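Let me begin by presenting the structure, written as structure tokens, before commenting on it.
The values are calculated or read from the model by the stated rules, or taken from the named source; none is laboratory data. Small disclaimer: the values here were computed from a predicted structure and weren't measured. In this analysis, Cβ positions are derived from the backbone assuming ideal geometry, glycine residues included, and neighbour counts consider all displayed protein chains.
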Amino acid sequence: MLTTNLSTSDFSGANVRVYDVLTLDPTGSKRAVAGLALGLQQLLTISHQKVGRGKNAAGNPVYADRHLIRFDDVKTNADGIEKVLTCYTVLEVPRDALFSVTDVQSFTGRTNTLLNGSSFANLLKILNNES
């Protein structure tokens, strides 16, 4: 279990955010950026679960580990209503060790490349409901 604070930055390496631990339990954690202005929150939630993926040729159950990483930016508008911008990343990794940590890192890097290209053109297309 990750019991330490976690840091992130934007694609340029600037705007470092440190997410301080709020709660920890065996299935995950919740963290928040401290010291933000009133009406702003930046949250990070990480959770884990074991999921069934059918049976193998021998009839034995096959499992994967599902890891959810959720970022929430919360702002309060002029009317006092909270609005939330959320990004979920779900990793589902088979338990048979076929994929290494390096494989998973390379795989997740595709998401970063897709969304954080130099012009953000792909992100703009996605936000405009193009697929």
**Message:** Going by what's in this entry, would ASP79 be described as assigned by TED's automatic domain parsing to the domain that holds PHE120 and modelled with pLDDT of 90 or more?
**Reply:** no
**Item:** Elements of type strands (runs of 3 or more DSSP E) in region 5-108, at least 1 residues being among the hydroxyl-bearing types (Ser, Thr, Tyr), surrounded by 10 or more Cβ atoms within 10 Å (Cβ to Cβ) and within 16 Å of the chain's Cα centre (by Cα)
**Value:** 6-8, 17-25, 28-33, 40-55, 82-94
**Asked** Any chance region 95-118 includes a residue that's in contact (Cβ under 8 Å) with a residue 24 or more places away in the chain and on the phi > 0 side of the Ramachandran plot?
**Response** no
**Message:** Condition check: of a type in the set (D, E, K, R) and either out of contact with any strand residue (DSSP E or B) (no Cβ under 7 Å at 6 or more places or on another chain) or modelled with pLDDT under 90 (or both). Does ARG70 satisfy that?
**Reply:** no
**Request:** Collect the residues in region 10-64 that are among the small types (Gly, Ala, Ser) and at pLDDT below 80, keeping them in residue-number order.
**Result:** SER12, GLY13, ALA14, GLY28
